[in-house]
Amino acid sequence: MKKGMAFIMTMAITLLFSGCGCSQNSTTTIGNNDSQGRYEDNTVEPEPTTTQQNEGKIGDFAIAITNSEVTKSSNDKNALLVTYRFTNGSNKTVKFADVLSAEAYQNDTACRQASMENQDHDIENMLTKVEAGKTVDVYEAYILQDDSDVTVRVCKAGQTAEQEQNDTTMITRTFKVK
């Protein structure tokens, strides 16, 4: 029983600290609390040197950043809802959030994730299990700071800022908000 609890705690901590924005080499952080009391790390990160534009492959997974829509979050803030088309090319069932990290940047600062009223578009849908060989649309919404362009990045989960900067498999797309 203790081993099981230790494993669950280890996995929870791993998920908490995985992602493009969770880096060991960050220098500037602007913290924000959303209306639900969660703390988001709005780290300013260096731009990667080379990326794939709009779609590509990261390991066994094909990702296309297909579109975006300006909408309202559950706490009535302006948000950008981004759609990712995710193909699981591995031989096992995975969750998008376990293998990849998606973030949005506006004014060189990471955007906070937005909670959405529509459950199909809420943050939790990135935790949906995707069987081997299947393709699904996954959504994530980000709180907008203003009406300037937003750059979305998808990279392998758990990378440091230095690894991310040198990662040629990262996929990016910039959306106009105006």
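The values are calculated or read from the model by the stated rules, or taken from the named source; none is laboratory data. Please read all numbers here as calculations on a predicted model, not as lab measurements. Neighbour counts run over all protein chains shown; Cβ positions are idealised from the backbone, glycine included. With ligands, DNA and RNA removed, areas are computed over all heavy atoms of the protein, side chains included. Shrake-Rupley method; radii C 1.70, N 1.55, O 1.52, S 1.80 Å.
Solvent-accessible area of the stretch 97-174 (1.4 angstrom probe, protein heavy atoms only): carbon and sulfur portion equals 40 percent. Placing dummy labels 7 Å off each Cα toward the beta-carbon, the span from V136 to K176 is 3.3 nm. Between D108 and A62, the simple spin-label model (points 7 angstrom out along Cα→Cβ) gives 3.7 nm. Which residues does a label at T87 reach in the stretch 126-163, if reach means a backbone N under 12 Å from a point 7 Å past the Cα toward the Cβ? Within reach of a label on T87, which here means backbone N under 12 Å from a point 7 Å along Cα→Cβ, the stretch 126-163 contributes 133-136.
Just the number please: accessible area per residue for the stretch 58-178, 1.4 Å probe, all protein chains included, in Å². Could you put the intermediate results ahead of the total?
Values: 5580 Å² over 121 residues.
Computed with neighbouring chains in place, this is 46 Å² per residue.
The string of couplings for the stretch 82-99 from the Karplus curve (6.51, -1.76, 1.60, θ = phi - 60°) is 10, 9, 10, 8, 10, 10, 7, x, 7, 9, 9, 6, 9, 10, 3, 5, 7, 10 Hz, one whole number per residue in order, with x for Gly and Pro.
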